[in-house]
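Single-structure report; data block below.
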Amino acid sequence: MSDDDTRGTGAPRAKAEGESGGRVFSAPKITINRVYTRQGDGGLTRLVGGQLVPKDDARIETYGTVDELNALVGAARQTLIELLPGAPAGSAERLSDLGRTLLRVQHELFNLGSILATLPEDVHPKQPRVTQSEIELLEAEMDRCQADLAPLRSFVLPGGSRLNADLHVARTVCRRAERCCVRLAQAGHADPQAVGYLNRLSDALFVWSRWAAALLGTPEILWEPDASASGGRTPSA
């Protein structure tokens, strides 16, 4: 979701009883005929409720960072897909499961962007959002992955494989999105579940980076304080 396309998401209209066909959230109501509109050239954009706000508004910064995170999760997923043909025997299906999880996360992040692009008073009951269900599923997935991993004895550095590095980049941007969301929440302008979801997702991206390294058989690079110019020790990896 770009700064200028929040109007395209549309505040979901109310539906007649039974019209939703069992949907939890309203389906998108958008039509994109052209990408540029020139309406944002003055430094303003519109929220879902139609309010004009500066493009450097805290709310815009928050859902823009979530959008950046979504792109990075997509990049990590594409890296994973391209690794699958050469994955070690027995790991391909589990890596495929991770790929499906990352795609689900991308949908969840767009749901999160929808709610962050809306003032609390304009939120519709069926508007896409993240809930406690998403948070609990991330926790369950982390627990399953952690069962396969040895305890860490130091902090890890991003690297060892392209996928590991991609997931770490996504993790750091997720932390930035969380910080942006905390600022909104402190002012009473953020959905209650948004901060919790981003907090868990950043943890999950860390666990998935380690789990992917284990499945691919690639080394984890542990932090060695003396592997520095002043420490004088040659890095072990």
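The values are calculated or read from the model by the stated rules, or taken from the named source; none is laboratory data. None of these values were measured; they are calculated from a predicted model. Don't worry about glycine lacking a Cβ; one is built from the backbone with ideal geometry, like all the others, and counts go over all protein chains shown. For accessibility, only protein heavy atoms count, side chains too; no ligands or nucleic acids. Shrake-Rupley method; radii C 1.70, N 1.55, O 1.52, S 1.80 Å.
Worth pointing out:
- Solvent-accessible area of the range 89-198 (1.4 angstrom probe, protein heavy atoms only): carbon and sulfur portion equals 55 percent.
- Distance between the modelled labels on THR172 and THR218, one decimal in nanometres: 1.6 nm (7 Å Cα→Cβ projection).
- Listed residue (LEU198, SER209, ALA187) projecting farthest to the positive dipole end of the range 171-237, Cβ model: ALA187
- Where labels lie 7 Å past Cα in the beta-carbon direction, separation of ALA92 and GLN146 in nm: 3.2
- Per-selection Kirkwood Rh - the range 103-237 (Cα, Å, 1 d.p.): 16.7
- For the range 109-216, chymotrypsin sites (Phe, Trp or Tyr not before Pro) meeting the loop criterion (DSSP other than H, G, I, E, B) and having at most 14 other Cβ atoms within 10 Å: PHE155.
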